[in-house]
1. Calculate one ³J(HN,Hα) per residue across the stretch 28-43 by plugging θ = phi - 60° into the Karplus curve 6.51 cos²θ - 1.76 cosθ + 1.60, and present them in order as whole Hz with x for glycine and proline.
2. Please turn the phi angles of the stretch 3-19 into ³J(HN,Hα) values with the Karplus equation 6.51 cos²θ - 1.76 cosθ + 1.60 (θ = phi - 60°), one per residue in order, whole Hz, x for glycine and proline.
Amino acid sequence: MRVHELAKQLSGELGKQITSSELLVKLNKKKEGLKPTSNVSDELIQYIRGLYIKSAAPAKTKIKISDLNK
């Protein structure tokens, strides 16, 4: 999968615009010299997905047991 394809896919999944430039900044921390048309390894795809999916997950809320009995 290419960087620009991954950006498009993540944008659709998360419902917010993610640019290939944004991904390249994060990817170049792991591997230098990538371009929007560069192929991305499965390892790097999982790295990026982990960054975005984790940050997009809703915060867990604590519920008191006493609140459930009301």
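Bear in mind that the values in this text are calculations on the coordinates, not laboratory data. The structure displayed is predicted, hence computed values, not measured ones.
1. Per residue, the Karplus-derived 3J(HN,Hα) values read 5, 6, 9, 8, 6, x, 7, 10, x, 9, 6, 6, 10, 5, 4, 4 Hz.
2. Each residue's phi maps through the Karplus curve to give 4, 5, 5, 5, 4, 5, 5, 5, 4, x, 5, 8, x, 9, 6, 10, 8 Hz.
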